[in-house]
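The values are calculated or read from the model by the stated rules, or taken from the named source; none is laboratory data. This structure is a prediction, so every number in the text was calculated from the model and none was measured. With ideal geometry, Cβ positions are generated from the backbone for all residues, glycine too; neighbour counts draw on all protein chains shown. The accessibility values were calculated without ligands, DNA or RNA, using every heavy atom of the protein model including side chains. Shrake-Rupley method; radii C 1.70, N 1.55, O 1.52, S 1.80 Å.
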Amino acid sequence: MVAAVAAGLNHRPVAARYGVSAASVSRWRRRARLEGDPGPRAVGGDRRSGRIEAHSAPILGMLSDTPDVTIEELRRLLAGPGPGFD
């Protein structure tokens, strides 16, 4: 699609030919021009572990102090007053 538009075809006929919207053709063309690749970007991914890793030392400390702590007890410890978990 990007090559067809670059060759001089209009966005709308190219979009109709490939069954996508003209806006999609425009976005892909822009992405190819700005980023060098019109392909899809990464989707999803890990968004939470960074917050947990930021508090890994106190969490691991609690686990080493009380190795038989339950998840519920650990949750209450983390929610209570202490090292400032957010």
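Name the residues in the stretch 35-67 that are assigned to a loop (DSSP other than H, G, I, E, B), over 21 Å from residue 80 (Cα atoms) and either open to solvent by 100 Å² or more (accessible area, probe 1.4 Å) or of a type in the set (Lys, Arg) (or both), would you? Passing the criteria: 40, 41, 42, 43, 46, 47. Exactly one residue among 30, 12 is of a type outside the set (Asp, Glu), part of a helix (DSSP H, G or I), open to solvent by 50 Å² or more (accessible area, probe 1.4 Å) and out of contact with any Pro (no Cβ under 9 Å at 6 or more places or on another chain), and that residue is 12. Among the residues of the stretch 68-79, just one is surrounded by 11 or more Cβ atoms within 10 Å (Cβ to Cβ) and among the β-branched types (Val, Ile, Thr), namely 69. Residues in the stretch 64-78 that are free of Cβ contacts under 8 Å to residues at least 12 places away in the same chain and under 30 Å from the mean Cα position of the chain (by Cα): 71, 72, 75, 76.
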